[in-house]
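Below is one structure, written out as structure tokens, with a few remarks after it.
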Amino acid sequence: MEAVEIKNLLQQQLGVDIEWCSDENGVGDPFAVVPAEKWLEACRLARGHEQLQFDYLRALTGTDRPEQEVIEVVAHLFSYRLRHPFVLKTRAQRTQPVLDSISAVWPAAEWYEREIFDLLGVDFRGHRDLRRIMMPDDWPGHPLRKDYQQPDDYHGIPTSRPRAEEQAND
Amino acid sequence: MTELVRIAENRQELVLNMGPHHPSTHGVLRFLVHTDGEVMSRAVPEVGYLHRGLEKMAESVNWAGYMPFTDRVNYLEAMFTNQVYAMAVERLLGVEVPERAEFLRVIACELNRLANHFITLGCITMDLGAFTPFVYLLRERETINDLIESLCGNRVTHNYMRIGGVAHDVDDDWLRHLEKFLDHFEPLIEEFRALIVGNEILVRRMAPVAVICAEDAVAWGLVGPNLRASGVDWDVRRDLPYSAYPQVEFSVPLGRDGQGDAQSIAGDCYQRFLVRVEEVRQSCRILRQCLQKLPAGDIKAKVPKLIKPPAAECYAAVEGARGEIGCYVVSDGGPKPYRVKWRTSSFSAMSIIEHISPGLMIADLVAVIATLDVIAPETDR
Amino acid sequence: MTHIERGPEGGYAVGPLDRLFNLARKHSLWYLLFGTACCAIELMQTGGPRADADRFGMMFRSTPRQADVLILAGTITYKMASRIRLLYDQMSEPKYVIAMGSCASTGGLFQKSYSVVNGGDLFLPVDVYIPGCPPRPESLVEGLMTVQRLIEKEPWLKKAWGKLPERSDPHLPKENV
């Protein structure tokens, strides 16, 4: 199925308007944006519907978009049986980002959601074990955000080396 | 007799810490093993000990300047990560790579696949106690390191590909060296088989241990040899062709019940091992065909000095030695990437370990980690 | 400083005990099999057939209790730093630390990253720095040989037992230390 047909099918099944972004010159990948409250339902449909059958969650990415005040979560989907790819997105409010977890639909999403929680701060409702995965447990802040500031030291280890001029004066 | 029974029933679970420093060579990975004696109830992996923030570093360097960082995403498959990043940016720019460059990319990638499988196969046997095959394969890997060094200047972390093509050309001398290496190495595959592949101890430790069925493999996002060993016939080179792969012939090995040993089941550790051994042979086949078919021409397309792709996003994928490596790039029209995301196979492979660990023994956990071929930089990026 | 004399039974050498002990120690340096990132691959290749580290008497040991040298091969992250400190504390004296590669020396390529420690010497005392990204096996062997040269000169017994005698007249007979 073509990407735009998939989007039409999803739109018809979900009953809401889906934002469709596709470049007329064919540059890059087209994608569909579903509202946050329909995220889990859209994913269930993508996995289970007989014309879609997206059994492989290729990647789940989080992108911080401060100018739009959202954090985007992007799911790249693929179907081994029907051989079609699709890009499904949703947006969470940047101040208190909360989304439904899709780890019940694709178990692969468990660790991807943990990573998005760790690096961007998005809370996933219904996740079995949501805790930091990449950074230490007591790390302050969410590093992948665009306005992240690094602390000066971590448990006594300074985060930058003394500059050459300072060292020469010691 | 009743005393013995009473002791056996007195279960107490112990949480054993394995790592992040451990004798196995897969990098800094940590497992919290909940075990009662030898049998585990589950093994919880902890990662992040090599998280270097490669995705965030992309936002502070130019598009072309990010290429050396792509080597470090997976230093054993540096050519593949170079290629997938270059492919994603080339798709956004609309640049077509010249044919000679595509063939050179395939040659570099297949050499890298060989070098990677040497380490993987060597580490599998070393973790299970056989040190000799590892050293034999390291010796062959040194020849590949020499070839790659004369190609691009570095033995590991190559930085060979550029957006639009490759960085350096090859001459007839190099091609002759490559052919000599293939002539020398192909008989050694049989020697490796005779040395270790049918070894009773290796087979009993791997077959049938930790069977991952095809549905689980797909649902948990396993890719590459792990997926094919579970019986799912999928290879990005053949099924979503890219680069010069449509012009070469190769077969894709699959795992099957009873292949190699009567007790082996599709999806167990032994099938994952055998699939990789066969892939080594297929890589040599591809390299020979590329040597025949390498056309003359440019090695790099014309791209602007300062690369500024239009504001769009793109996902590109290649079949690396461990499976599908995907690169998702988002451009906002500026000279630096807005977001780069790496989809790596070890991340998914680590996440399935907690699911398959109940009932395995601690010694089996070592076999599972080795045959799933997880390494720390891919998991943590 | 070693005085060699031929004699009726063949010969004998006289020299400081330090020299003898250091000779034995430097030719049997056991390194900890520890590597985080790309430098670990070159560390493995150094132990491999071509740039064989075993010919210097260097073996890899998995446990820090049996190791003399800690080779920081690869990038160090904050999460890993406390574990490396634990490993270092478990090694018994005398111990040496080699920072192999740019990442372990100064943070390397990842200096601006939020999760990378800018060099092993911010939390460990480092003896030898080896530049490179990654350093060739020959560079790593040069680094290990530098540790050997450091060991050669170590004055253990001189510091422990030695008190230099008063020497006012050079013609007086030398006393035993």
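The values are calculated or read from the model by the stated rules, or taken from the named source; none is laboratory data. Bear in mind that the values here come from a model prediction, so they are computed numbers and not experimental data. Here the Cβ is made from the backbone with ideal geometry for all residues, glycine too, and neighbour counts use every protein chain on show. Side chains included, ligands, DNA and RNA excluded: accessible areas come from the protein's heavy atoms. Shrake-Rupley method; radii C 1.70, N 1.55, O 1.52, S 1.80 Å.
Could you rank B:R276, C:R85 by how accessible they are, 1.4 Å probe, largest area first?
Largest accessible area first, the list is C:R85, B:R276.
Which cross-chain or sequence-distant (5 or more) residues have an amide H under 5 Å from the amide H of B:M40, H modelled 1.01 Å from N in plane?
Correct list: B:G359, B:L360, B:M361, B:I362.
Excluding residues fewer than 8 places away in the same chain, name every one of the lysines whose C-alpha is closer than 25 Å to that of C:K158.
In chain and number order, the partners are C:K26, C:K95, C:K174.
Evaluate the relative contact order of chain A (contact order divided by residue number), counting alpha-carbon pairs under 8 angstrom at least 6 apart; express in whole percent.
Worked out over chain A, it gives 16 percent.
Ordered by residue, what ³J(HN,Hα) values in Hz, to whole numbers, does region B:160-173 give under the Karplus form 6.51 cos²θ - 1.76 cosθ + 1.60, where θ = phi - 60° and Gly and Pro are x?
These are the phi-based 3J(HN,Hα) values: 8, 8, 10, 6, x, x, 10, 8, 10, 8, 10, 10, 4, 4 Hz.
So which residues of region C:82-104 lose at least 10 Å² of accessible area, probe 1.4 Å, when you go from the chain by itself to every protein chain present?
Listed by number, the residues meeting the 10 Å² cut-off are C:R83, C:L87.
When DSSP assigns beta bridges and you keep just the ones with both residues in the protein assembly as shown, what percent turn out antiparallel, to the nearest 5?
So the antiparallel bridges amount to about 75 percent of the total.
Can you list which of the GluC sites (Glu not before Pro) found in region B:167-268 are DSSP loop residues with at most 14 other C-beta atoms within 10 Å?
B:E249
Using the Kirkwood formula over every pair of different C-alpha atoms, what hydrodynamic radius in Å results for region C:3-155?
Evaluated on region C:3-155, it is 16.4 Å.
Using a 10 angstrom cutoff on alpha carbons, build the Gaussian network for chain C and name the most mobile of C:I71, C:I98, C:I41.
C:I41
Each residue of region C:147-160 in turn: what ³J(HN,Hα) in whole Hz from Karplus with 6.51, -1.76, 1.60 and θ = phi - 60°, glycine and Pro shown as x?
Once θ is set to phi - 60°, the couplings for region C:147-160 become 4, 4, 5, 5, 5, 3, 8, 6, x, 5, 6, 4, 6, 7 Hz.
Rg and Dmax of chain B, Cα atoms, in Å?
Taking only Cα atoms of chain B, I get Rg and Dmax of 21.7, 82 Å.
Can you give me the C-alpha center-to-center distance between region B:38-83 and region A:1-78, rounded to a whole angstrom?
Taking the Cα centre of region A:1-78 as reference, the centre of region B:38-83 is 26 Å away.
Ordering C:M80, C:M59 by accessible area with a probe of 1.4 Å, largest first, what comes out?
Largest accessible area first, the residues go C:M59, C:M80.
Convex hull over the Cα atoms of the protein assembly as shown, averaged projected area in nm²?
42.9
Can you pull out the GluC sites (Glu not before Pro) in region A:1-70 whose DSSP state is coil and whose Cβ has at most 10 other Cβ atoms within 10 Å?
Passing both the DSSP loop test and the Cβ count: A:E2, A:E24, A:E50, A:E69.
How much accessible area per residue does region A:3-147 have, in Å², with a 1.4 Å probe?
Value returned for region A:3-147: 41 Å² of accessible area per residue.
Output the relative contact order of region B:207-331, whole-number percent, from Cα pairs under 8 angstrom with separation of 6+ residues.
Relative CO of region B:207-331 lands at 29 percent.
How much solvent-accessible surface does B:L93 expose, in Å² to the nearest 10, with a 1.4 Å probe and all protein chains in place?
Here the residue's solvent-accessible area equals roughly 50 Å².
Compute the signed sum of charges (Lys and Arg +1, Asp and Glu -1) over the other residues within less than 13 Å, Cβ to Cβ, of A:E113.
Here the count lands on -1.
Using θ = phi - 60° and the Karplus relation 6.51 cos²θ - 1.76 cosθ + 1.60, list the HN-Hα couplings for region A:80-88 in order, rounded to whole Hz, with x at every Gly or Pro.
My calculation for region A:80-88 gives 5, 7, 9, 6, 10, x, 7, 10, 10 Hz in order.
Where does the charge balance sit around A:R128 when Lys and Arg score +1, Asp and Glu -1, over other residues with C-beta under 12 Å from its C-beta?
Spelling it out: positives minus negatives among the neighbours equals -1.
Can you give the FRET efficiency to the nearest 0.05 for B:L195 and C:F56, using r as the Cβ-Cβ distance and R₀ = 25 Å?
Calculated transfer efficiency: 0.35.
Not counting the cut sites, what is the longest span of chain C without chymotrypsin sites (Phe, Trp or Tyr not before Pro) that DSSP labels loop and that have at most 15 other Cβ atoms within 10 Å?
C:31-160
Obtain the nm distance between the two label points defined at C:L17 and C:Q66 by a simple spin-label model: each point lies 7 Å from its Cα along the Cα-to-C-beta direction.
2.8
Tell me, what % of the accessible area of region A:3-147 is carbon and sulfur with a 1.4 angstrom probe?
In region A:3-147, the share of accessible area belonging to carbon and sulfur is 43 percent.
5 Å is the cut-off here: which amide hydrogens, built 1.01 Å from N in the peptide plane, fall below it relative to B:N74, excluding neighbours closer than 5 in sequence?
Result for B:N74 returns nothing.
Among C:P49, C:P64, C:P137, determine the one that fluctuates most according to a GNM of chain C built with springs between C-alpha atoms less than 10 Å apart.
C:P49
State the volume of the convex hull built on the alpha-carbon positions of chain A, expressed per residue in Å³ and rounded to an integer.
Convex hull volume per residue, Cα atoms: 159 Å³.
Over region C:3-155, what relative contact order in percent results from Cα pairs under 8 Å that are six or more residues apart?
Answer for region C:3-155 is 24 percent.
Might you tell me the accessible area per residue for region C:49-98, computed with a 1.4 Å probe and given in Å²?
41
What is the set of long-range amide H partners of B:A301 at a cut-off below 5 Å, with H atoms built 1.01 Å from backbone N?
Hits under the 5 Å cutoff: B:G165.
I need the GluC sites (Glu not before Pro) found in region C:1-88, filtered to DSSP loop residues with at most 13 other beta carbons within 10 Å of theirs.
Filter output for region C:1-88: C:E9.
Rolling a 1.4 angstrom probe over the protein heavy atoms, how many square angstrom per residue are accessible across chain B?
For chain B, the solvent-accessible area averages 34 Å² per residue.
Mind checking which of A:D153, A:D137, A:D118 has the largest fluctuation in a GNM of chain A, springs on alpha carbons under 10 Å?
Comparing A:D153, A:D137, A:D118 in a Gaussian network model of chain A, the most mobile one is A:D153.
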